[in-house]
Amino acid sequence: MEGVFAQEVSDFLHAHAGFFTGLSWSILILGLIQNIVYALQLPAAFIELRRHSQAEDTESAWQLLLSDVAIPISLLVPAYNEEQTIVENVRSILSLKYPDFEVLVVNDGSKDKTLDVLIEAFSLRPITRAHKLWVRHQPVKGVYGSSVYPNLFVIDKVNGKGKADASNAALTFARHPLFCVVDADSLLEGEALLRSLRPFMEDAKMIAVGGTIRVLNGCVVKSGQVEDVRLPRNFYPLIQSLEYIRAFLMSRLAWSHWGMLSIISGAFGIFNRGLSVDVGGFSADTVGEDYELVIKLHRKMMEDKRPYSMRYVPEPVCWTEAPDSFKMLGNQRKRWQRGALEVFFKHKDMLFRPRYGKMGMFALPHNFIVDVLGPLAEAVGYILIPIFWMTGVLNTDFILAFMAMFFLFGVFISVSSLVLEEMELRRVPHARDLAILAGVAVIENFGYRQMNNIWRIIGWWQYLRKNNQWGEMTRTGFSHAKDKKD
Amino acid sequence: MSPLVENSDVVLQMIWQSTIVLALASVAVLFLLIVCRYHSEWRKRHKDRLREELSRYFYAAISSPDSVRESSLPAVKRRNMDVVCSIALDMLRAVKGGDSDRILALLDVWQIQGYLLQALEKGRRGEKIQSLTLLSLFGGEENLRVLLKHAESDDTYVQLAALRGIATQYDTGHVETVVEILSRTESTNRLMLADILRHFGEEAALPLARLARNAEQIDVRVSALMALGMIHPLSAVSAILPLLQDANEDVRAQTAKALGEMGDIRTGAALARALTDNSVGVRVQAAQALGRLRDEGALSALAERLGDENWWVGFRAAEALVRIGDKGISLLRSLSGRQDAVGVMSMQVLAEMAEA
């Protein structure tokens, strides 16, 4: 009976061989295009890294710290139920090495004691702060100032169901020309602001700058600063360490080099406040609000025909707590996929429109291939191509080429980004850690990558179902090595 | 087998074979880098020990009443001179006067200047910047020539390090040369350049005003104006006043700011006119400048701007009225009863200032 069924399937596939080989070739070509872009990113990232390297230049940062000329910046810290980490996080932010900054913490209707612990720790009192409602957000219940830290303000507001609404409320009260949203579960390195502000000082047309995000899990944190950089011992954060190196050091550097940076991470990005307000601030109707802000800025500048620049700088680092369980990681990846689709479809009118320059002609079509078609094509390929090969519709060379594109090329890209990291930045603490990451670069392509693809497909499904849940993420606090849960 | 696939076998083979080669090559390169890293970790441990030893020696040497002698110096191989430079730079950032001279004397006995010149030729950006910083501290005509040569570097940060050395360690006699170099510079970090130019001090006021008027690059002009604002020499007021009408809005805004910092009350009328400039940035800077001047003659002009279409202009105008003093505050109070944007702005700023 089974033999008969197999024969029928084989006959069917052979009868429609033209269609199925066409489908297989489409999947392969899609993979090939993605991989060619990745391969081109490597030299572009290397050139960009060399051109703007601040890696060995401690003197310029030091001189800037001593000077009166640094551009003032507002640090926006949205907080929802962060009573465990918020005081330590704010202390860490207040100790940043930068001459002129203000910190605006937004208590986004927390159900725990986030506001109370802030009031107690920083001697807060209600104040008036002149403002205009620049962007839409939920009502503000009160503004607090600190009698100890004159540059610290806390905004207490009604919950707006997301980071975007809280960030918008902070924007309403921000006074400085630049702002940076800092996640309450992240730590900025002491010199991160000094280094990331440099592009704004070099180029008056600079409107946004992105920094690097690295995985905090495993590191030893003392007094709000990473004291000892270590790799996570838990598998999921470990694999994310490599993913972050690859995404930031290769992909974003390359897009920055080509002038088509379309993503600046919400965990560490610096933006021109005036322009961000002009485009309506962060959109509350998407979970990819950081991605969308960048696209909105591109759109605005190109529609107004104003020259502008955006850049990614690799040296300033924001350490973030990565999901350390299968469930939390899955939730994050589904949310990222949903966010990418929401933003893409919201701005699909920019696609292939010369009016939107390189963004419309190259960057967004690339995002279409990677975010929209990519997960679907890869999933279909994993299922169908082995069947076609087993039934003789495709030959061995085809399945080898497919495996090369969707498994082995990933090894090349991940290993190459480690090479780039080691040649220029050397932020991986030890040779042993580099070897471990090299092992991860191979392993991740066999199992993890496919799992990631499944999460992305679920993200696609959630997008179609208009599910806009943020997902669960528990915090453990910073004052210890992060892998205590291992 | 499909004929389509059969004809494409060569392409398919190329794809999988080249991918295997790329993957293997990248793994091989990374393997080499890992081996190098093992080796460099051993060297780093050695350098860390050396750094510890040398730091102790430096501290002992600067606190010792005896002068430094070559015979008492710990032996440092040329390849480890970077450690000496790095310690010296760290210490020089923290000490002044006699201690700083002793550190330089110590470096001189080590004959570090030869090493620094070599690092300038062959080193990477960070080493060049470090070398220029240290060379400038030694002073002397020979080092000045090196600094002036690197002041023409295409690398912005190498150029800035050389300029900083000239501005902070040499007298102002070279400002004309620096202005000449900068008038040709193609790109810069405008804020860091301003911070460097201010070190030339009041004597550089007129050359800087000339740079602000004539440099090719807007960034350089803006830097010169910022530096003038920080130096605030009254002698440059008349030279930069016409720049309030410059075609470039950054230049106009920075001129307004600089005039505010210079504090010459006679510029009040020109700044009050700048409150109606087309550019928001210029209007904001003009309002702040009038606040700094505490010019009571600008009360009505500032009050008019409270209802500016741009909120920041209104806010800075209100702040300026508060800074001007009793008359400004009274004016704000009288406006705070209005039911429009001017009233709201006046009320908010008065409340904020009262709590502050």
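The values are calculated or read from the model by the stated rules, or taken from the named source; none is laboratory data. Only a predicted model underlies this, so the values are computations on that prediction, with no experimental measurement involved. All Cβ positions, even for glycine, are placed from backbone atoms using ideal geometry, and neighbour counts span all protein chains on display. Heads up: the accessible areas ignore ligands, DNA and RNA and are worked out on the full protein's heavy atoms, side chains in. Shrake-Rupley method; radii C 1.70, N 1.55, O 1.52, S 1.80 Å.
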_Between A:SER67, A:SER60, A:SER53, which is within 11 Å of chain B (Cβ to nearest Cβ), touching a Leu at 6+ places or on another chain (Cβ under 9 Å), surrounded by fewer than 17 Cβ atoms within 10 Å (Cβ to Cβ) and among the hydroxyl-bearing types (Ser, Thr, Tyr)?_
A:SER67
*Report whether or not A:TYR144 is farther than 23 Å from A:LEU275 by Cβ, aromatic (Phe, Trp, Tyr), in the same structural domain as A:ASP285 (by TED's automatic domain parsing) and surrounded by fewer than 17 Cβ atoms within 10 Å (Cβ to Cβ).*
no
*Test B:LEU197 against the criterion of being in a helix (DSSP H, G or I), open to solvent by 10 Å² or more (accessible area, probe 1.4 Å), aliphatic (A, V, I, L, M) and within 14 Å of another protein chain (Cβ to nearest Cβ), and give yes or no.*
no
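Table: residues versus (1) buried (at least 22 other Cβ atoms within 10 Å of the Cβ); (2) touching a helix residue (DSSP H, G or I) at 6+ places or on another chain (Cβ under 6 Å).
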| site | (1), (2) |
| --- | --- |
| B:ALA318 | yes, yes |
| B:ARG323 | no, yes |
| B:LEU335 | no, yes |
| B:GLN339 | no, no |
| B:VAL344 | no, no |
| B:LEU350 | no, yes |
*Considering segment A:138-183 alone, what residues qualify as being part of a strand (DSSP E or B), touching a Lys or Arg at 6+ places or on another chain (Cβ under 8 Å), closer than 17 Å to A:VAL90 by Cα and of a type outside the set (Ser, Thr, Tyr)?*
A:VAL143, A:GLY145, A:PHE153, A:ASP156, A:PHE179, A:VAL181
*asked:* I'm trying to understand the selection: among the residues of segment B:204-229, which are at pLDDT 95 or above and closer than 19 Å to B:ARG266 by Cα?
replied: B:ALA209, B:LEU225, B:LEU228, B:GLY229
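Residues to consider are A:ASP165, A:ASP156, A:ASP183; find the one that is within 20 Å of the chain's Cα centre (by Cα) and surrounded by fewer than 24 Cβ atoms within 10 Å (Cβ to Cβ).
A:ASP183
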*Exactly one of (1) open to solvent by 10 Å² or more (accessible area, probe 1.4 Å); (2) within 14 Å of chain B (Cβ to nearest Cβ) is unmet by A:ILE263. Its number?*
(2)
*Does B:ILE181 satisfy the criteria of being without any contact (Cβ under 8 Å) to a residue 40 or more places away in the chain and within 14 Å of chain A (Cβ to nearest Cβ)?*
no
*Which of (1) away from chain B (no Cβ under 14 Å); (2) within 30 Å of B:SER223 (Cβ to Cβ); (3) open to solvent by 20 Å² or more (accessible area, probe 1.4 Å); (4) not acidic (Asp, Glu) is the odd one out, the single condition A:ARG195 does not satisfy?*
(1)
_If a residue must be more than 12 Å from every other protein chain (Cβ to nearest Cβ), assigned to a helix (DSSP H, G or I) and among the small types (Gly, Ala, Ser), how many such residues does segment A:418-462 contain?_
1
*Mind checking which residues of segment B:219-242 are closer than 18 Å to B:ALA167 by Cβ and either of a type in the set (Val, Ile, Thr) or touching a Gly at 6+ places or on another chain (Cβ under 7 Å) (or both)?*
B:VAL220, B:VAL222, B:ILE231, B:HIS232
_Suppose we keep only residues that are surrounded by 19 or more Cβ atoms within 10 Å (Cβ to Cβ) and within 19 Å of A:SER110 (Cα to Cα) within segment A:122-139. Which one would you say is nearest to the other protein chains (Cβ to nearest Cβ)?_
A:LEU124
*Filter segment B:255-281 for residues that are open to solvent by 30 Å² or more (accessible area, probe 1.4 Å) and in a helix (DSSP H, G or I) and give the result.*
B:LYS257, B:GLU261, B:ILE265, B:ARG266, B:ALA269, B:ARG273, B:VAL280, B:GLY281
*Give the residue that is nearest to A:ASN467 (Cα to Cα), with candidates limited to residues of segment A:286-300 that are open to solvent by 20 Å² or more (accessible area, probe 1.4 Å) and over 17 Å from the mean Cα position of the chain (by Cα).*
A:ARG299
